[in-house]
Amino acid sequence: MILTVNGADTRCDVAPGARLSAVLRDTLCLTGTKVGCDAGDCGACTVLLDGAQVCACLVPAAQAEGHAIRTVESLAADPLGAALQAAFLHHGAAQCGICTPGMLMAAMALLARDTTPSEAAARAAIGGVLCRCTGYTKIVDAIRDAHRFHNAPPSEEGGVGARLPRLDGVAKIAGLDRFGADEAPPGALWLRPVRSPHAHARFELGDTAALAARGIRLLTARDVPGANSFGIYPDIKDQPVFCDGYVRYRGDCIGALLGPRAAVEAVRFAELPIAWTPLPPVDMAAARLPGAPVLHLFRPDNVLSTGRLACARDAPEEAHVAEGLFETGFVEHAYIEPEAGHAERIGDTISVFACTQAPYMDREEVARVLGIAQDEVRIIPSACGGGFGGKLDVSIQPMIAVAAWITGKPVRAVWTRGESMASSTKRHPARIRARAACAADGRLVRFEFEGDFDTGAYASWGPTVAGRVPVHACGPYRVPHVSAVARAIYTTNPPSGAFRGFGVPQAAIAQEALYDALADRCGMDRLEFRALNALRAGDTTATGQTIAHSAGLPACLDALRPHWAALRAEAAAFNATPGPIRRGTGIACMWYGIGNTGMSNPSTMRITLAPDGTLTFFNGAVDIGQGSTTVLTQIAAEALGLPPAAFTLVLGDTTLTADAGKTSASRQTFVSGRAAQDAAIALRAAILRLTNAGEGARLSLEDGVLRIDGAPVPIPETLEGVGRFDPPTVPLDAEGQGIPYATYGFAAQIASLDVDTQLGTVTLRRIVAAHDVGRAVNPTLVEGQIHGGIAQGIGLALMEEYLPGRTENLHDYLIPTAGDVPPIDIILIEEPEPLGPFGAKGIGEPALVPTAPAILSAIHDATGARLHRVPALPHRVLEAMR
Amino acid sequence: MSTIWLQPKTLPEALAMLAADPALTPFAGGTDLYPAQAARFAWGEALPEAILDLGALPEFWGIAADATQWRIGAGATWAQLRDAALPAEFDVLRAASCQVGGAQIQNRGTIGGNLCNASPAADGVPPLLALDAAVELASLRGTRTLPLGKFLLGNRQTERAPDELLTAVLVPHRAGDLRSGFEKLGARHYLVISIVMVAAMVRMEAGRIAEAAIAVGACSAVAQRLPALEAALRGSRPGEVAVTPGQLDHLAPIDDARATGAYRREAALVLVRRLLARLALPEALVA
Ligand SMILES: Cc1cc2nc3c(=O)[nH]c(=O)nc-3n(C[C@H](O)[C@H](O)[C@H](O)COP(=O)(O)OP(=O)(O)OC[C@H]3O[C@@H](n4cnc5c(N)ncnc54)[C@H](O)[C@@H]3O)c2cc1C
Ligand code: FES
Ligand code: FES
């Protein structure tokens, strides 16, 4: 058939029922159109069909024939398209970029009718495209602003503090960034995992000769050449690549079909020789009963890990007490890019191209599973279409590596949305009992916390959650008596892993609810109660750590105070008229330790200047959309004294760059940023030595010519600067005492919302977020992180609940759309952290933590109802009101 | 994905193909079919083998009026229903069309597909029930017309015989002071399946409700009209007759991931009350 794509008629030899998205990507190699679900739910595949936006995944090729198809690849040549792309770049509207092509096309359909759309029109136009990174705010801004970008106004340049457009942004807005599913070596075999439909079962595999006759091989546990297991902790490698007769969750992988794509995709699992013996599922309550099935032999009580903290200092007398039980459910990362990549054996080495947040950890896992040395494994991170913690664990990497290793052929895999959701890690569901007490004057006296966290079938990051939660449990306040226990419990649920905040968002829901109650009991304003108790520089935390610097919570609260007063007054005025809609204002605070908990987590950065003037930044930090590529370059540029544009970037590839550690725990700006700063300082010193120039000398580098204070200087040999930074910490002892983190991010957020007291629905009106980030290296990117974190916090509070087998798609599992994120005011507080690069700390996770508690606080303020379980679905809000 | 894909160019040709192989799955906009396939594919389940693509049938498109009724082609998309110049009684359908999925789904999903898919949460059903719509079914054996309420039998079940296609939705003409509206309740703003939705059409005469038609969706396997309430409202002044829980007794809402059955029942009552209050206000005429 002949398809008219971007103005050209193209003959395609495809099945009439092939999805247009697949035809564009696989047949026409127009991989700018992305696929996130194949079900119309995410909009990543949005293209224009006769000018109207459609999901290419829902259009059969037969119905596209004879119609004008327009994809992201056509935008640059169209003045309106180019202007829109420039506006996206300028506003930081693309973070990971996986939703960007769909967003651009949806926006094009609108701009073609109306070049200066209203905010409501812009939101409606992108209502069908999900973005998990940005919170939509900057996308809406970019769409409305596109008309100003016809002769693209120059964006800001510069080092630390500049709103520099992301350095990897041009590829993202052009649809040219290479995500895991966007490329594969020619002739790659297709790998398709076979997963357990049961939460808990034994199984036997029969004879697979019938498959072999169709050119398909079923890889199983027996085919794994090295250890058939992986896991985050070196001593707890408890997750098999392919299960061996026993599955522990729905989605557990029992094998993988390998062969030509069409043959593999034609297999129906019912034809496979698998005999299942289902076993009763084990939830948290069942797991702790005497005689419960032991899910992993090395943990006979099914308790994977327990974290504790106990401290008792001088305290005023207790006058008021508040306590409660709080529950949260599984939350899905819902990155728009499902897991994808390819592997290739090259002699006795293996190369894996895949989406990841932790290439060096992937390398260890792959080496172990293949039984080869780590330096025989090369991990090349693809562009990562969102991670949020979910791509810290390996997913496809071990199995495609095994397949490529034993067959010697290149192998690729792309998971479906359903498979991604069923198999990937989740946020730990929590069941938290907590009790807080304060003195008559409002000073906190005591906080007791006991939390059980459903760590699911495998350990993943469960011990990290159990370790991090007790430290953060009492919140960013001075509390003389703290006792906190957090347990990670094995069940037959999906493995819970790392998800933006490592358990802290769940704990914050409990802690902030109790502090609201205490404030009410002592008749204090909720903000002032927090201000009274807020940690400040010089205070000692419950772990015995004295925070000497950069404790900006009081400053955050000071900045919020006028907003708080205004929003409260607005609510009071609104509520003076009776009606079913009640307005409420809520507040919550948070703190977040940057980097690993009491454990080494170094990063190494390297910058070289070659004799031909090439300045190369070897940066192993994976930018999963949060902006580390840009931010680290800005830091290096500032410290070196050359503009960011002078750098050639070599990014996260385990062969070419040093280990920067994983992109998690909000650590890249702080840890890798400091390493980048030190590398740049070292290189600058080497450069200055060339002419014995003074510290303050001015450098320039143009057309390969290095100048020091204006005078050209030849570069005799490649100069190098290496920086390594490992934040100083002291491991926690049995009582949870030590210095778990070198620095902390602090924040407070206010939520203003309306509750329909007859329907239980919540409509957000505004969020005001004050964040102490130490130093905003790139304010646009910091704002983007805060917007995105808030959007995820909104999801946690109001709509997200993953139920295995029931919400395994983006239709039933709801994440916020462009219509669900209200206007957000951001106040950046910069209390410099002396250890950080130019004073910077982290922002990735802090942004999410206070949002849900602030929303719950506002619901309580509006209705008097306290939600003890999230998400606050309408029926739960109504129930809580009774 | 499917091995057989037939794309007839005329309705008779389509009906002949379907008569020859009633196992063919009709395919309109694909916005229900493709997602269902994706879910099955993820778990290695069987997919429909043979498709009858209705995309090229000229008889399917267009919205037109004859002397007695409006004829909405089964292939009318939500976007067409949203943008068509239809009289006030269709406000209810227009409002529903604006809230189905996002713009992409509105541009592709069809009313015929929505009815044939017969989801309890299909947003097209309550408005059309309130408008006393009928469906036209065609096969080589002939054409028949069924009231929508008779066509829908249950969750994903309809009266459609395997050799029949739904060709049009028929809505009788009405005259007078007509007001209609739609209330959809979901847990997010765009792209959301209804927890409850309510559609209503009222005809006012000299300040009284001469006729009321109210339907509630997602609270039973098939959306239901509220006959007791409609009867009670007839001849009353707006606000005079209270909506009582008893008038919703025949609904049978279920518990699912989106809400509890008890909640649905309660929310339906609230939405019916609000919608009626809104329609009784003269401003509703301009909205
Ligand atoms: C992201 C997303 C959001 C959605 N949101 C909503 C929503 O808010 N509200 C809502 O109600 N629905 C929603 N839907 C469901 C869907 O879009 C609608 O039901 C749509 O109207 C279906 O029409 P279609 O033409 O795409 O149907 P198809 O997928 O083509 O067909 C649906 C079914 O009807 C049959 N069929 C179609 N046409 C005929 C015919 N003429 N004769 C006989 N059989 C026929 C098919 O065989 C199939 O069984 C959503 C879907 C998606 C993917
Ligand atoms: S891939 Fe088409 S909507 Fe998600
Ligand atoms: S930028 Fe939108 S999903 Fe990542």
Quick numbers on the stretch A:673-740, Rg and Dmax over C-alpha atoms in Å, give 18.7, 60
Cβ-Cβ cut-off under 10 Å around A:L835, Lys and Arg +1, Asp and Glu -1: the net charge is +1
Taking A:208-220, A:570-582, A:638-650 and ranking on average Cβ neighbours within 10 Å, highest first, one gets A:638-650, A:208-220, A:570-582
Largest first and rounded to whole Å, the semi-axes √(5λ) derived from the alpha carbon gyration tensor of the stretch A:699-799 read 47, 26, 11
For the protein assembly as shown, the dipole about the Cα centre with charges only on Cβ (Lys and Arg +1, Asp and Glu -1), to the nearest 20 debye, works out at 1360
For peptide B:262-270, the mean count of other chain Cβ atoms within 10 Å per residue Cβ is 4
Shielding of A:31-38 by other chains, given as the mean Cβ count within 10 Å, works out to 1
With only helices counted (DSSP H, runs n ≥ 4, each -39500 (n - 2.57)), the per-residue ellipticity at 222 nm for chain A, to the nearest 500, works out to -8000 deg cm²/dmol
Place a point 7 Å from the Cα of A:L297 in the direction of its beta carbon; the residues of the stretch A:230-260 whose amide N falls under 16 Å from it are A:236-240, A:244-247
Looking only at lysines whose Cα falls under 26 Å of B:K184's and that sit 8 or more positions away or on another chain, we get B:K150
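Ratio to report: Rg/Rh of the stretch B:177-285, with Cα atoms as the point set and Rh obtained by the Kirkwood method; give two decimals.
Result for the stretch B:177-285 is an Rg/Rh of 0.98.
Can you give the relative contact order of the stretch A:603-725 as a percent, counting alpha carbon pairs under 8 Å and 6+ residues apart?
The value is 37 percent.
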For A:M105, A:M284, ascending order of other Cβ atoms within 10 Å (fewest first) is A:M284, A:M105
In order over the stretch B:100-117: 3J(HN,Hα) from phi, Karplus 6.51/-1.76/1.60, θ = phi - 60°, whole Hz, x for each Gly or Pro, gives 6, x, x, 4, 5, 5, 4, 6, 10, x, 10, 5, x, x, 4, 6, 5, 5
Inverse of <1/r> over all distinct C-alpha pairs of the stretch A:603-725, i.e. the Kirkwood Rh in Å, gives 14.2
Rounded to two decimals, the Rg over Rh value of chain A from Cα coordinates and the Kirkwood Rh reads 0.96
Counting every C-alpha pair in the stretch B:13-94, the percent lying more than 23 Å apart is 41
Out of B:A46, B:A121, B:A242, a Gaussian network model of chain B with alpha-carbon springs under 10 Å gives the largest mean-square fluctuation to B:A46
Listed by chain and number, the residues whose amide H is under 5 Å from that of B:W5, excluding neighbours fewer than 5 places away on the same chain and using placed H, are B:I51
For the stretch B:33-38, Karplus-derived ³J(HN,Hα) couplings (6.51, -1.76, 1.60; θ = phi - 60°; whole Hz; x for glycine and proline) come out as 5, 5, x, 4, 5, 4
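Which order do peptides A:436-442, A:518-524 fall in by mean Cβ count within 10 Å, highest first? Before the final figure, lay out the partial values.
Working: A:436-442: 20.1, A:518-524: 17.7.
Highest to lowest by the protection proxy: A:436-442, A:518-524.
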Over all viewing directions the Cα convex hull of the stretch B:153-217 casts an average projected area in nm² of 7.0
For the protein assembly as shown, percent of DSSP beta bridges that are antiparallel (nearest 5) comes out at 80
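Count, for each residue of A:267-280, the Cβ atoms from other chains sitting within 10 Å of its Cβ, then give me the mean as a whole number.
Average per residue, whole number: 1.
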Relative to chain B, whose Cα atoms define the longest principal axis, helix B:11-20 and its Cα axis are tilted in degrees, nearest 10, by 70
Rounded to whole angstroms and listed largest first, the alpha-carbon spread of chain B along its three principal axes comes to 59, 46, 31
Any residue on another chain or 5+ positions along whose placed amide H is under 5 Å from the amide H of A:T115 is listed here as none
In the protein assembly as shown, taking the dipole from +1 charges on Lys and Arg beta carbons and -1 charges on Asp and Glu beta carbons about the Cα centre, the listed residue (A:A459, B:A210, A:L176) farthest towards the positive end is B:A210
Listed residues B:A67, B:A232, B:A221; largest mean-square fluctuation, Gaussian network over chain B with Cα springs below 10 Å, found at B:A67
To the nearest 20 debye, the stretch A:115-171 has a Cα-centred charge dipole, built from +1 on Lys and Arg Cβ and -1 on Asp and Glu Cβ, of 180
In whole percent, the Cα-Cα distances of the stretch B:56-146 spread across 10 Å bins from 0 upward as 16, 54, 27, 3
Whole-number value, in Å³ per residue, for the convex hull of the alpha carbons of the stretch A:183-337 is 225
Other residues with Cβ under 11 Å from the Cβ of A:G251 give, with Lys and Arg +1 and Asp and Glu -1, a net charge of +1
Between the residues A:L632, A:L719, A:L699, the Cα farthest towards the positive end of the dipole of the stretch A:603-725, that dipole coming from +1 and -1 charges on the beta-carbon of Lys, Arg, Asp and Glu, is from A:L632
Computed ³J(HN,Hα) along the stretch A:642-656: with the Karplus parameters 6.51/-1.76/1.60, θ = phi - 60°, integer Hz and x for glycine or proline, the list is 10, x, x, 5, 6, 8, 9, 9, 10, 10, x, 9, 4, 7, 9
Computed over the stretch A:783-879, the distribution of all Cα-Cα distances in 10 Å bins, rounded to whole %, is 14, 38, 30, 14, 5
Note on the stretch A:590-671: C-alpha Rg/Rh, Kirkwood Rh, two decimals, gives 1.00
For chain B, the longest principal axis of the Cα atoms and the Cα long axis of helix B:261-280 enclose an angle in degrees, to the nearest 10, of 70
Amide H neighbours of B:D256 at under 5 Å, excluding residues fewer than 5 places away on the same chain, with H built from the backbone geometry, are B:G261
Quick numbers on the stretch A:21-152, Rg and Dmax over C-alpha atoms in Å, give 13.6, 39
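Values in this text are rule-based calculations from the coordinates and carry no lab data. Being a predicted model, the structure only gives us computed values, none of them experimental. Positions of Cβ are backbone-derived with ideal geometry, glycine not excepted, and every protein chain shown enters the neighbour counts.
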